[in-house]
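See structure below.
The values are calculated or read from the model by the stated rules, or taken from the named source; none is laboratory data. Note that the structure is predicted; figures quoted are calculated from it, not measured. Backbone-built Cβ (ideal geometry, glycine too); neighbour counts: all protein chains shown. The accessibility values were calculated without ligands, DNA or RNA, using every heavy atom of the protein model including side chains. Shrake-Rupley method; radii C 1.70, N 1.55, O 1.52, S 1.80 Å.
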There are 2 protein chains.
Amino acid sequence: MVFKFTVSSAWRATRTLWLLMLVSVSVSICVCRAASSLEEDSAMENIVTEKRAEESHRQDTADLLIFIMLLTLTILTIWLFKHRRFRFLHETGLAMIYGVLVGAVLRYGIHVPRDISNVTMSCHVNASPATLLVNVSGKFYEYTLKGEIGANEVNDIQDNEMLRKVTFDPEVFFNILLPPIIFHAGYSLKRRHFFLNMGSILAYAFLGTVVSCFVIGLLMYGCVLLMKQVGQLGGDFFFTDCLFFGAILSATDPVTVLAIFNELQVDVDLYALLFGESVLNDAVAVVLSSSIVAYQPQGDNSHTFEVMALLKSFGMFIGVFSGSFALGVATGIVTALVTKFTKLRDFPLLETALFFLMSWSTFLLAEACGFTGVVAVLFCGITQAHYTFNNLSPDSQDRTKQLFELLNFLAENFIFSYMGLALFTFQSHIFNPMFIVGAFVAVFIGRAANIYPLSLLLNLGRRNKIRSNFQHMMMFAGLRGAMTFALSIRDTATYARQMMFTTTLLVVFFTVWVCGGGTTQMLSCQHIRVGVDSDLDNSSSITDGSERRSTKQESAWLFRKWYNFDHNYVKPILTHSGPPLTATLPPCCGPLARFLTSPQAYENECQLKDDDSDLILTDGDLNLTYGDITVSTDASGSHTSGAPAFAGASTSEDLDRELTYGDHELVMRGTRLVLPMDDSEPPFTDPHHRLRM
Amino acid sequence: MVFKFTVSSAWRATRTLWLLMLVSVSVSICVCRAASSLEEDSAMENIVTEKRAEESHRQDTADLLIFIMLLTLTILTIWLFKHRRFRFLHETGLAMIYGVLVGAVLRYGIHVPRDISNVTMSCHVNASPATLLVNVSGKFYEYTLKGEIGANEVNDIQDNEMLRKVTFDPEVFFNILLPPIIFHAGYSLKRRHFFLNMGSILAYAFLGTVVSCFVIGLLMYGCVLLMKQVGQLGGDFFFTDCLFFGAILSATDPVTVLAIFNELQVDVDLYALLFGESVLNDAVAVVLSSSIVAYQPQGDNSHTFEVMALLKSFGMFIGVFSGSFALGVATGIVTALVTKFTKLRDFPLLETALFFLMSWSTFLLAEACGFTGVVAVLFCGITQAHYTFNNLSPDSQDRTKQLFELLNFLAENFIFSYMGLALFTFQSHIFNPMFIVGAFVAVFIGRAANIYPLSLLLNLGRRNKIRSNFQHMMMFAGLRGAMTFALSIRDTATYARQMMFTTTLLVVFFTVWVCGGGTTQMLSCQHIRVGVDSDLDNSSSITDGSERRSTKQESAWLFRKWYNFDHNYVKPILTHSGPPLTATLPPCCGPLARFLTSPQAYENECQLKDDDSDLILTDGDLNLTYGDITVSTDASGSHTSGAPAFAGASTSEDLDRELTYGDHELVMRGTRLVLPMDDSEPPFTDPHHRLRM
């Protein structure tokens, strides 16, 4: 009886869903048609600027509506998939499929007649100013520059207004859609296992990305030379173009794979390696690609090798990366200080708004200073999670996480559905089979040249080796996604860039659908453990003293130094947690220490010192995405009894303890966040803490 | 000791605040300077389009940064005010002050030399197309139309690039900033007292706004005629312009006053009247103003009276308003159905995303169809609160409320700080003392002509009279805000419109600062009760049977009919609450009723029927804004004992009960939202419910 009911309700839901899809797609397309036909009619009349602007606005909203409908469809379908536990297609893959379908309809199903009102003027001006004032029979109209257009595109533009309208300004991706995605990644990056594997992650992200970029670049250059021989190349394609292509294809985005890892609870080390690498290599790839574009030898022969230009590019890479890093961290620190020294936490709305604005201003500040906003936002997110998050009220902690989760979800799915759409609506695709095959091979070899040699090197230094099945999995999980797309669509003016864009699109499609879809198969094929409870992992390491010591040895000397400095000085200055500065700073700094130490820090001192570890964001806390939280909550009760063992442990062991017990504390925080408690005395209201006292 | 500590921490906070202000303002201004000087330098070099676009982008981000910094400052200062319980200045008023200050600095402090790259071209074209392709020495550049510019402005534009850049496209306000504000208003409108005063609110909103519009329009026309006599008028000013001015000045926005009402717990009827009126009259004013603009008599004499044109305008008002209304309600209903028939509630992120997208698509759909998006969004918000909200998971209910609360907060403060800025940065102000004085008088008389005669009329029909001190307070609370500003900045092309814009700005400043700031004084001067606990109000009406009956008589026959229909048919179809349709529909509709009734409805039937009343959003639930929730939560415990009195009441008394006990249920919901309970069996997990069983 119960079963029958469930089936019929699921069937009902499915039917409703499909009905809705049909209705919504047809509505949005009808509206678009209506909007464009209205436009046409009025063009016959006396043309008034007001009217034209209004209709242009109407067309714009209709186009945006298509995307909203696409996203709505994606959400409904993905719900169905989740409901039925289909894991072969992630929401981003689905968004692309819908995008492709709607793109095909727009391209072949609807033909909007040529817009007669595009006027080509020939004026003798030497410059192309940002603003143009056009004097039309006595009235002045203001025009703003949108960009350069290839001579061959001029006719295309006039040909199909509809397709052109659906094509967004490429900068939208960089300035509006990417920042929340990257910030969210940074804000979720603070995990125990991320810090344990810090060295390896940095190696993969920096060294690996550069290796991958040059390997792909060189291979593609070979391919291009071959194509020139065969006569398959229809335009210029320089070595710098190849390197640029290598850079944009080196940004991995295994969002699909990570979602499945999360759901199946795959080994946490593997998760941390993949996630950490993908987050940081986005940043590296962005700066790398802009440095390559900036490579400009002096003189006329602008595509030869020149040491000075190379050094300049290299300097630019270092400068932009460190500048963006510094800016991001600086804004994070300012936010932490503001939230610490004001009592904003009494007003969660104000606090959340401030947090949002400060994080956004990082992006704007970096862009205005000529750095890379996306990179700054990433490091701002990491800093906010590490410091500011501790100062927020429980309500704001929830709000900020949920806000950026939502923004990330919307932006990501928008980009992927736009990718699908662009396959048909982008006007200057250049499908070159030889180049495409070459690119696929190069991407494969580039990823291999990143993962295997580096893993070999890293395993020399690691106690906890990266096993070969992990290496294969990392190799397989080298999906390309939002960042690759945003970088490749940013400039599609030349022949080389257009061919790159087309090829990139195909690489993204292939990796997301095939590699993303095959994740579960690959996991079982490589015999990688699933269903690993990270808390159980901990408890085993508690009982096994030797393994605990190995953790200690693994974390490098430099990292331990940094950790101690952070724990003793930075955290107490920037947050309410950590030991009071009066205890850690030399006595001569007494007044300053008293000024900077928050009253809560003194309170905390009376309690166990590991109190700040509960501010680490770990898996259980940040992956509430689809409400699968029960597992970690259950685990908390069973392991807290082991906690009193290290009451009174020395500060130098804090790192171990934080890394090992982060999750426990986290689970408590998870509980505390939900209950409307006054945070000024959390340790006494929490039963687990009381146990320990 | 404790006191001393508080003072010193407050002092520290204040110091930090001011330091931060100085730093942030100077940083943002420096960045702007740097960005513009960079622009200048490169203009000397070989001008490359790419570079120019990049610098234009840099300048844009720097300008946006100014606003972000302004908002940040506002947030920090308003925190200080709230912390110290200063009530004389609301955050919006403060945002304006900061805006004025920064505007003055930008205007007089920074002088950016004339941008040499604006080129005025004279081409012989008859049309001003939306897209322009310019052939600059063989290369094609695409330009998009921004709008018409008065001939006298051409020089201004070239004169100060900085100020021009800080000026946003007026459509930004209408298409980006207003929708979340209006949606949030609609989403918060579902209150007990709003429904009780429905008739009066509709009268004030529709009749009152029209009366106010025509009174202000006529008075201003008199003023304009006088000015013409005296020779103070420098351009055309027609009767339609006066009416338009009347329409835009009829949109009240007492956000400042309402915030204080909320904090001081002013009489709920007064609150409902003011809030309801202000929300709905925005919608009326928008449609009214666009209808007035659409008044176009045939032939050359386009400013004479013509019956046909008037009828057309009137028809347009009706058509656009009802179209927008229907669209908004329709999207709300679709969202309700989708959330009812899918099990999306298992995935709060998907649910919130869907809710957000559907609500946004209302706006886009309305705009694409030629209706008014803002009006559609308002009614969509009301429908979502009334139906969809019931189907959402507790998590999503929280998330959606918090999301729109945040968006509303940011958008509102942005608009108000932009207003302040516009006082100095807007380039075509026309300060005409006579017009300004006339406008102030007209606004005053227009508001009086709205409130007093209508209140007199309404009091004839109302049992619960609108007392004269309430009338004075409503008169006083006729602030002008975001909507008035957005309507007046939308078109500033002609002399008349520029003068209107300047005057509107002054009216907004005056009303927000003076009327907003004097609210507490006015309240005490008019002897209006403060500290009214709406729950205590209820309990007195329970014990007093006669008053309860009076409530019944007050709600009009039509409203009762609608309520019964809604309760018996619409709610059960669209939500999980209400009686099962199998019970309310005639037996012939059996299969359909079974299909549409949600399984929860059968469960609910076994319990008390007033279960759907807990889905009303009321004061306690929606005004968590600054966390002052304790009062209503305390009240819940003390009054629930009266509840068992109406176990088993008949359906016809549901309205009374819902209206009277909405708050109780609400408080429970408030509690329930916080606890991670499964909503499928809420009545049994809630202790208050158990009491009643």
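Tabulated data
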| quantity | calculated |
| --- | --- |
| Cα pair count fraction exceeding 20 Å, expressed as % - segment A:406-504 | 53 percent |
| Highest-first arrangement of A:81-88, A:442-449, A:496-503, where packing means the average Cβ count within 10 Å | A:496-503, A:442-449, A:81-88 |
| Kirkwood estimate for segment B:326-415, i.e. one over the average of 1/r between Cα atoms, Å | 13.2 Å |
| Among the listed pairs B:343/B:571; B:340/B:561; A:401/B:401; A:401/B:82, those beyond 20 Å (Cα-Cα) | B:340/B:561; A:401/B:82 |
| Surrounding net charge for residue B:333, when Lys and Arg each add one and Asp and Glu each subtract one, Cβ distance under 14 Å | +1 |
| When segment A:330-374 is reduced to its Cα atoms, the Kirkwood hydrodynamic radius in Å | 11.1 Å |
| Chain pair B, A: total accessible area buried, heavy atoms, 1.4 Å probe, Å² | 10700 Å² |
